[in-house]
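Single-structure report; data block below.
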Amino acid sequence: MSSMYDEFDDAKLVKKTLRGDKRAFDIIIQRHQHSLFNYIGRMINDRELALDFTQDVFLKAYASLKSYRPLFKFSTWLFRIASNSVIDYWRKKKLPVVSIDQSLAPDEDGPGIQVADDKPSVVKGLEVSELGRRLEKALDKLPTQLRELFVWRHVNGLSYEEMAEIKRMPVGTVKNRVFQAKERMRRILEETA
Amino acid sequence: MNGKRSGSRDGSRSESQAKGEGCFKAEDIYRYLDDDLDRGAREGFEGHLGACPACRRAVEERRLIARAAADLVPLEVPPDFSRRVLVRIEDRPRVSVFGWLALGSTAFVSLVAVVVGVFVLSGKSLAQLVAGFEGLVVSTFKSGALLFSKAAAVVGLVLNVFTHLLNAIWSGLSGLAAVVPWPVWVVSLTLLTIIITTSILGLRKILVGVRS
């Protein structure tokens, strides 16, 4: 069902919500639920828990809507809330959480490694759909902070600038970590081939 | 802008690679796939790819992984998801004006109850209790009034000192004005304004600009 609200940008919908218009927040939810759920779902890997988490993110956003500044994209503001919630969850689960601006130990997944070798290709003879299934499983094995960047880049299609804004980090650092996440993913696929 | 700068740097590297000085690094491939190389670097990259099957395979492999990741089956949100969130928003406990009044009243009643309880437990009569409570209120009020009068005296003293200080500065400046010619005043005041402005806003922000 289309309405005039669908044509409003996020900043206008936020203003309307702050004036008590619940329909405006309904549109905000519908506009961002898919991308947020696909991010959180891939980070937590439990559908029901991810749904609860996504709801909580919208509740937190609603409660702190006054602090949103239209200078930044609303979606990056939402992703920041979601990312903080996910990090809290990992901490509670005692999963290792390393800030991505911390320098990781140099290993063979660094973006500076030479890539040409004589090993058989990890994707040789695989259909994209089969590769996708293996990739979905491999996501679980990717360290949490790298998984987040991988999902943002490839599943949510965020730009490096958007990721840098969410993480409040320089774009160059984010790029470097994304390259590292991709290389680690490739190696996991190679190991599980 | 940033991409262009680093692209030039990579341009020279990729050119050397195209001349056979070594194969690509993962970063080069990802930047190539992101279309983040400038024209020269891109041409050098593609030139090397034409001659190096190993690098060609490395690029193709990473391109396929990226494609498979982008084509992952999306997780579907239940159709009533937004309604469920809105219901939770409606259900959140909110404290109305009457709620705040009730909270304040409860706090006041609790305070009175504690005071009465203390007197009762001390074994005093009702008359003593009322007298004691009265005494407590009066002594609290007296202490408050004394504190207020002392604070007012301190403020008066500070204002007095500040007035004398301003007078002294004004007298000094008037004396200087009679001796120093007006162009020196204009230059001095301009310099002073610049110093104060840069101190407040931060010299770095003015010279370098605020980092976005």
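The values are calculated or read from the model by the stated rules, or taken from the named source; none is laboratory data. Model, not experiment: these values are computed from the prediction. Ideal geometry is used to build each Cβ from the backbone, glycine not excepted, and the neighbour counts take in all protein chains shown. Remember, those area values only see protein heavy atoms, side chains included, never the ligands or the DNA or RNA. Shrake-Rupley method; radii C 1.70, N 1.55, O 1.52, S 1.80 Å.
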- Task: Would you jot down the residues in segment B:67-116 that end up with at least 50 Å² less accessible area in the complete protein assembly than in the chain alone, with a 1.4 Å probe?
- Result: B:A68, B:A69, B:L72, B:L75, B:V77, B:F81, B:S82, B:V85, B:L86, B:R88, B:I89, B:R92
- Query: Which ³J(HN,Hα) values, rounded to whole Hz and listed in residue order, are derived for segment B:108-116 from phi using the Karplus coefficients 6.51, -1.76 and 1.60 in 6.51 cos²θ - 1.76 cosθ + 1.60 with θ = phi - 60°, glycine and proline given as x?
  - Reply: 5, 4, 4, 5, 4, 4, 5, 4, 4
- Task: Note every residue of segment B:27-59 with a reduction of at least 40 square angstrom in accessible area, all protein chains present versus the isolated chain, computed with a 1.4 Å probe, or write none.
- Result: B:E27, B:Y30, B:D34, B:R57
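Can you figure out the FRET efficiency of A:L71 with A:D6, using R₀ = 25 Å and their beta-carbon distance, to the nearest 0.05?
Working: r = 24 Å, r/R0 = 0.94.
The value I calculate is 0.60.
If you take the accessible area of B alone, add that of A alone, and subtract the area of the pair, what total do you get in Å², probe 1.4 Å, to the nearest 100? If you can, show how the numbers build up before the last one.
Working: alone 17510 and 11490 Å², together 24810 Å².
Buried area between the two chains comes out at roughly 4200 Å².
Give, as a single signed number, the net charge of other residues whose beta carbon lies under 10 Å from the beta carbon of A:E165, with Lys and Arg counted +1 and Asp and Glu -1. All intermediate terms of the calculation are to be shown ahead of the outcome.
Numbers: positive: A:K73, A:R80, A:K167, A:R168; negative: A:E161, A:E162.
Value of the local net charge: +2.
When the dipole is taken about the Cα centre of segment A:123-193, and only Lys, Arg (+1) and Asp, Glu (-1) are charged at their Cβ, what size is it in debye, to the nearest 20? Display every interim value, and only then the final one.
Numbers: 15 positive and 11 negative charges, 42 e Å.
Magnitude of the dipole: close to 200 debye.
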- Between A:Q30 and B:E46, how many nm apart are label points set 7 Å from Cα along the C-beta direction? 4.4
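Between B:L165 and B:E134, 0.36 nm times their residue separation minus their Cα-Cα distance comes to what? All intermediate terms of the calculation are to be shown ahead of the outcome.
On the way: separation 31, 0.36 × 31 = 11.16 nm, distance 4.66 nm.
So the chain would gain 6.5 nm between B:L165 and B:E134.
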- Query: Taking a label point 7 Å from the Cα of B:R88 along the Cα→Cβ vector, which residues of segment A:55-93 have an amide N closer than 12 Å to it?
  - Reply: A:55-63
- Message: Among A:L78, A:F8, A:I28, whose Cα projects farthest towards the positive end of the dipole of segment A:1-95, with charges put on the beta-carbon of Lys, Arg (+1) and Asp, Glu (-1)?
- Response: A:L78
- Message: Leaving out ligands and nucleic acids, and using a 1.4 Å probe, what accessible area per residue does segment A:1-95 come to in Å²?
- Response: 52
- Sticking with the crude label model, points 7 Å out along Cα→Cβ, report the distance from A:D140 to B:I194 in nm, one decimal please. 6.7
- Item | Accessible carbon and sulfur surface of segment B:39-198 relative to its total accessible area, %, 1.4 Å | 75
- Note on the structure: The pairs in A:K60/A:K141; A:K92/A:K141; A:K66/A:K94; A:K15/A:K73 lying past 23 Å Cα-Cα in this model are A:K60/A:K141; A:K66/A:K94
